[in-house]
1. Could you tell me which numbered condition residue C:265 fails, if it satisfies all but one of (1) in contact (Cβ under 8 Å) with a residue 60 or more places away in the chain; (2) away from chain B (no Cβ under 14 Å); (3) on the phi < 0 side of the Ramachandran plot; (4) crowded, with 22+ Cβ neighbours inside 10 Å?
2. Tell me yes or no: at least one residue of the range C:84-97 is more than 30 Å from residue C:291 (Cβ to Cβ) and surrounded by fewer than 17 Cβ atoms within 10 Å (Cβ to Cβ).
3. Mind checking which pairs have a first residue in the range C:166-185 that is at the interface with another protein chain (Cβ under 10 Å from one of its Cβ atoms) and a second that is crowded, with 18+ Cβ neighbours inside 10 Å and part of a strand (DSSP E or B), Cβ under 6 Å, 6 or more apart or different chains?
4. Filter the range B:49-76 for residues that are more than 7 Å from chain A (Cβ to nearest Cβ) and either modelled with pLDDT of 95 or more or not in a loop (DSSP other than H, G, I, E, B) (or both) and give the result.
5. Could you list, in sequence order, the residues of the range A:376-388 that are closer than 18 Å to residue B:57 by Cβ, away from every other protein chain (no Cβ under 13 Å) and surrounded by fewer than 24 Cβ atoms within 10 Å (Cβ to Cβ)?
6. Please tell me if residue C:38 is surrounded by fewer than 19 Cβ atoms within 10 Å (Cβ to Cβ) and not assigned by TED's automatic domain parsing to the domain that holds residue C:124.
7. Closer than 28 Å to residue C:292 by Cα and modelled with pLDDT under 95: is that true of residue C:103 in this structure?
8. What's the number of the condition residue A:58 fails, among (1) surrounded by fewer than 24 Cβ atoms within 10 Å (Cβ to Cβ); (2) more than 14 Å from chain B (Cβ to nearest Cβ); (3) more than 18 Å from the chain's Cα centre (by Cα)?
């Protein structure tokens with residue numbers, strides 16, 4: 001891993017938000033470093049865009065290939081792109097700016113940065129159904145990644161399950177390559193259309209309506225859609241063998257080789273949380289998101305967020321917000337004044353408005369049902385530590401005030417994923433048990449490292465005289 | 001149980017690796033996780049807590065279920081690591097073993 | 001919100017939890033007041049040692065008090081298990097304090113020798129082992145480890161499990177737990193005490209202040225002194241690994257779950273709980289010297305927690321003279337002393353008399369300038 005010792009702006013993540021931010025900063029001559037955990041740029045939405053074997057444009061579709069010029073812009077910019085590098089810590093540096101801990105390829109190093117743009121994006125919302133930990137159960141996004149990056153598709157029978165437009169997209173993409181899924185179990189609860197109706201006007205005048213209609217039509221043509229699914233269960237011993245689903249109280253079990261789950265995406269907040277940025281509960285999207293202003297600036301000066309990591313709004317909005325974050329960083333560093341920043345932002349701001357219009361409708365329509373966010377019984381909540389819903393609920397009943405105490409009691413959230421796959425579930429289970437809002441329950445308090453680093457790598461980071469003195473070798477306890 | 005689409009098979013460069021000691025022709029550019037799935041392994045490990053079988057779930061580096069031993073180093077996130085010629089991939093049984101614990105036979109602890 | 005209880009114990013950490021459990025076991029009606037989910041909570045940052053060796057330099061009674069707790073710990077763990085089904089994973093195989101240079105080892109031996117030679121100190125045996133003697137007990141030991149002192153009385157347990165067991169056992173014994181009820185003021189009302197909490201006013205016959213750093217502001221309100229200050233300590237936690245270590249070390253232990261905890265740092269930085277990478281690097285680097293094969297193990301998370309430190313580092317146990325029925329209990333070894341707190345201190349609090357042997361721990365000692 002070749003990492004500069006210092007830079008003006010570090011961008012964490014190379015999805016649309018990160019790419020656009022890095023390009024904007026580099027364009028101005030700011031020393032810009034973009035860290036990418038993946039081997040190639042594109043984040044998840046444009047995963048594998050420089051290496052995908054699925055080169056026929058119509059397979060992955062225009063929305064995917066939209067990312068190609070964005071990556072090309074990064075390549076031709078002066079930004080330093082560092083692949084396979086994870087930012088595991090961001091702390092204030094003495095004398096201003098930040099110290100970013102970066103781990104990659106078996107090494108770790110600290111890099112100074114004047115300004116930090118987090119573009120870590122989103123991850124799939126947890127989908128805790130019975131059996132969701134069985135081999136053979138993966139997320140719909142994971143299936144897409146396998147298609148995009150390796151041209152792999154699961155063997156039939158394959159079932160998609162959950163709610164949200166990604167399911168329709170995956171159904172359509174798979175059909176295009178002759179790997180149509182057997183059915184799509186739609187868990188969108190009845191009545192959602194009515195709930196979403198107040199936002200319909202904005203949706204109907206947004207770019208999403210045409211896309212949505214086309215996508216739905218393709219999905220219907222690609223696979224059998226079963227609507228109103230109330231319960232889902234993945235069944236198997238050593239691996240998945242069947243799926244049982246319930247519609248209108250009647251259960252059906254079908255044999256499957258792969259179950260692809262998806263019920264929306266949520267911001268990946270682990271780094272912003274560990275840094276100490278303020279977060280808020282977004283009741284519409286039922287998740288926590290960092291508190292940011294129109295530029296993406298967080299409550300911590302010098303830390304800005306670009307893209308879905310600040311709140312889910314999709315790839316196009318992420319790209320525009322990346323530009324805004326980049327401009328904000330340039331102004332914060334004093335490289336441009338606010339007048340110039342505002343002038344250069346106009347285009348991106350218009351894009352953000354255009355691409356966030358209509359989201360409220362989509363969010364309301366596809367908000368996952370309680371049954372799939374609030375598991376019961378033996379259903380695993382914390383995959384890493386194998387803690388069940390029953391354990392979490394029982395502990396909440398004993399008066400456990402919140403997720404951090406819960407973590408102390410049960411170890412849920414203490415595994416390597418650091419709560420990414422259980423945090424929201426735990427918060428909502430506690431909220432329901434205590435009869436209060438998730439906003440009042442709060443979330444896990446994260447700490448560095450937010451990405452894995454070995455003991456040896458940690459040991460290789462710089463020490464100081466103070467740190468040596470602090471680690472007492474001989475003392476009376 | 002995954003199959004390779006013709007577009008991906010065509011022009012693919014083979015990279016020889018071993019999986020649990022067995023030789024396997026991986027595809028250059030695949031991650032180790034994709035390689036395991038393509039080779040027919042749904043599960044790449046058993047968990048330390050209950051020895052439950054697990055396989056890759058998110059494929060994007062956040063779930064930590066895709067862990068396996070690569071070139072003798074345990075707990076590697078296979079979905080983030082590109083496959084390389086000569087790579088030794090082993091499915092991981094339970095917790096990672098280091099030092100004196102690695103020398104002894106794997107147990108269920 | 002009135003609360004008819006004999007005792008209000010303020011602070012739901014290990015100290016408050018153990019005392020509250022001890023009182024509840026004696027049939028007292030106890031209400032345990034606690035903060036919310038996000039709090040300083042020294043008790044979430046415990047290392048887990050149940051440790052004797054090295055303690056009590058400058059206050060011989062502390063050595064005795066510690067040993068008494070350690071001797072009764074198995075009994076205490078059994079009681080908790082009986083009451084809750086929770087096994088706190090107590091192991092007392094003896095513990096090592098490793099030294100990474102000849103000078104370190106010499107200093108350590110000298111320190112322990114002087115410690116047990118103190119007048120009135122309840123002595124115990126300790127072994128001095130060189131590398132050759134250590135190696136079979138600690139496989140994989142790094143070449144830089146020169147030797148160690150070993151004390152048969154030392155041990156460790158799972159501190160989070162202890163925490164959970166105390167809470168569960170307290171409830172099992174009829175205690176009342178009030179979280180999100182931070183106590184803001186204490187006033188004497190007749191022969192009882194009125195507390196204003198975050199959720200309302202309550203009354204109790206007697207109060208025990210076990211609020212850690214919060215004791216500093218609460219104690220004077222009950223005619224007590226608790227000059228405590230925060231001292232930051234950091235811990236590095238490794239992922240679960242296959243068992244390689246059968247003994248606790250002073251700065252490294254493998255838990256019953258297989259994770260590895262690495263300490264131990266001390267910094268005077270006020271109420272700052274943020275992590276300092278340099279300190280973590282130093283902790284990591286020493287751990288790698290002790291067990292080089294851990295180099296490739298993954299750091300799962302790191303903790304910074306604030307120890308509750310009295311001026312001389314020893315506990316403060318006191319009963320208020322001006323406000324009878326108010327007690328204060330503070331220490332920074334909430335794990336090691338948990339047995340004593342539950343089985344020895346709580347009964348004395350219940351009886352209204354701490355006893356002559358605990359008088360050494362009153363805050364009065366802090367007013368006397370120590371003789372050089």
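The values are calculated or read from the model by the stated rules, or taken from the named source; none is laboratory data. Quantities reported herein were computed from a predicted structural model and do not represent experimental measurements. For neighbour counting, all protein chains shown are included, and Cβ atoms are generated from backbone atoms with ideal geometry for every residue, glycine included.
1. Condition (1) is where residue C:265 drops out.
2. Within the range C:84-97, one or more residues are more than 30 Å from residue C:291 (Cβ to Cβ) and surrounded by fewer than 17 Cβ atoms within 10 Å (Cβ to Cβ).
3. If the second residue must be crowded, with 18+ Cβ neighbours inside 10 Å and part of a strand (DSSP E or B), the pairs left are C:176/C:31; C:177/C:32; C:178/C:33; C:181/C:33; C:181/C:197.
4. B:51, B:66, B:67, B:68, B:69, B:70, B:71, B:73, B:74, B:75, B:76
5. A:379, the sole residue that qualifies.
6. When the stated conditions are applied, residue C:38 passes them.
7. So residue C:103 fits the description; yes.
8. Of everything listed in (1) surrounded by fewer than 24 Cβ atoms within 10 Å (Cβ to Cβ); (2) more than 14 Å from chain B (Cβ to nearest Cβ); (3) more than 18 Å from the chain's Cα centre (by Cα), residue A:58 misses just condition (2).
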